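Everything below concerns the one structure shown next.
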Amino acid sequence: MSAPGKFITLEGVDGAGKSTHLDFVADWLRRQGREVVVTREPGGTPLGETLRELLLHQAMDPDTELLLMFAARQQHLAELILPTLARGAWVVSDRFTDASYAYQCGGRGIAAERIAALEAWVQRGFSPDLTLLFDVPPEVAGARRAAARTADRFEREADSFFSRVRNAYLERAQAEPVRIRVLDARQSIAALQAEIGPLLQALA
Ligand code: TYD
């Protein structure tokens with residue numbers, strides 16, 4: 001039996017540019033000889049991807065949104081994340097539960113206790129080994145969102161929504177500074193990757 005794999009998540013407001021770094025993280029780990037599975041939330045399983053379509057495009061009550069995020073997460077954990085880690089592969093996910101605290105609590109205003117209750121139910125103490133938080137000031141993320149071709153239900157939110165989301169992310173990083181590493185995403189891609197490499201090295 002090999003040692004269980006590690007779970008790495010990437011977070012940030014829409015427009016922070018985190019998706020650019022997903023492949024870099026996976027390729028870096030593969031070069032170290034790791035088997036890596038790249039996934040995303042909401043999504044990552046056939047059911048989760050169906051829920052993602054609804055979450056991104058269908059108007060709904062904020063509590064429904066939160067519950068569907070965690071329904072997708074439960075399926076993701078049961079079907080993909082936990083079995084993959086158990087067989088020794090590493091999992092890199094574009095977003096996870098920190099996004100629920102940032103968007104549904106910070107952005108939508110749902111009480112953090114509700115999210116914590118769902119987190120305890122679905123994750124039973126499980127959490128990422130490392131979270132990279134791509135942080136940019138609201139105006140930078142706003143300009144990047146405006147340049148994007150199509151906008152989903154979240155990306156159409158007001159700048160004030162994204163300021164709350166960003167602040168909620170930063171508060172979480174302050175509370176868990178070892179797991180959540182804040183990266184200044186205004187830097188060049190090369191400068192960011194020079195910061196990310198040592199963080200991955202420290203996990204290996
Ligand atoms: P993302 O994949 O980053 O969007 P894109 O495909 O445009 O890069 O994330 C989809 C959206 O889902 C994003 O706006 C944030 C939102 N989201 C939440 O609101 N709560 C959550 O728990 C998760 C995982 C995502």
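The values are calculated or read from the model by the stated rules, or taken from the named source; none is laboratory data. On a predicted model such as this, the values are computed, not experimentally measured, just so you know. Every residue, glycine as well, gets a Cβ built from its backbone with ideal geometry; the counts of neighbours run over all protein chains shown. Note: areas computed on protein heavy atoms with side chains; ligands, DNA, RNA excluded. Shrake-Rupley method; radii C 1.70, N 1.55, O 1.52, S 1.80 Å.
Number of residues in region 18-51 that are part of a loop (DSSP other than H, G, I, E, B), within 11 Å of the ligand (Cβ to nearest atom) and out of contact with any Lys or Arg (no Cβ under 7 Å at 6 or more places or on another chain) equals 2. Looking only at region 62-119, residues that are among the acidic types (Asp, Glu), buried (at least 20 other Cβ atoms within 10 Å of the Cβ) and either over 15 Å from the mean Cα position of the chain (by Cα) or more than 23 Å from residue 196 (Cβ to Cβ) (or both) come to 1 in all.
Whenever a residue of region 57-70 is part of a helix (DSSP H, G or I), its partners that are open to solvent by 50 Å² or more (accessible area, probe 1.4 Å) and within 12 Å of the ligand (Cβ to nearest atom), lying with C-beta atoms within less than 6 angstrom and at least six residues away or across chains, give the pairs 62/108.
The helices (runs of 4 or more DSSP H) found wholly in region 108-204 and carrying at least 3 residues that are touching a residue at least 40 places away in the same chain (Cβ under 8 Å) and over 19 Å from residue 18 (Cα atoms) occupy 112-123.
Scanning for something at pLDDT 95 or above, within 24 Å of residue 5 (Cα to Cα) and not charged (D, E, K, R), does region 50-68 turn up at least one residue?
no
Checked against (1) in contact with a helix residue (DSSP H, G or I) (Cβ under 7 Å, 6 or more places away or on another chain); (2) open to solvent by less than 50 Å² (accessible area, probe 1.4 Å), residue 56 meets all criteria but (1).
Residue-by-condition table, conditions (1) open to solvent by 50 Å² or more (accessible area, probe 1.4 Å); (2) of a type outside the set (A, V, I, L, M, F, W, C); (3) away from the ligand (no atom under 12 Å from the Cβ):
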position: 130; (1), (2), (3): no, no, yes
position: 138; (1), (2), (3): no, yes, yes
position: 141; (1), (2), (3): no, no, no
position: 147; (1), (2), (3): yes, no, yes
position: 150; (1), (2), (3): yes, yes, no
position: 163; (1), (2), (3): no, yes, yes
position: 171; (1), (2), (3): yes, yes, yes
position: 174; (1), (2), (3): yes, yes, yes
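Going through (1) in a helix (DSSP H, G or I); (2) open to solvent by less than 20 Å² (accessible area, probe 1.4 Å); (3) within 29 Å of residue 189 (Cα to Cα) one by one, residue 8 falls short only on (1). All told, residue 24 meets the bar of being of a type in the set (Phe, Trp, Tyr) and surrounded by fewer than 18 Cβ atoms within 10 Å (Cβ to Cβ). The single condition among (1) out of contact with any strand residue (DSSP E or B) (no Cβ under 9 Å at 6 or more places or on another chain); (2) among the hydrophobic types (A, V, I, L, M, F, W, C); (3) farther than 29 Å from residue 158 by Cα that residue 38 does not meet is (1). Once region 86-107 is narrowed to residues that are in a loop (DSSP other than H, G, I, E, B) and hydrophobic (A, V, I, L, M, F, W, C), the residue that is nearest to residue 56 (Cα to Cα) is 96.
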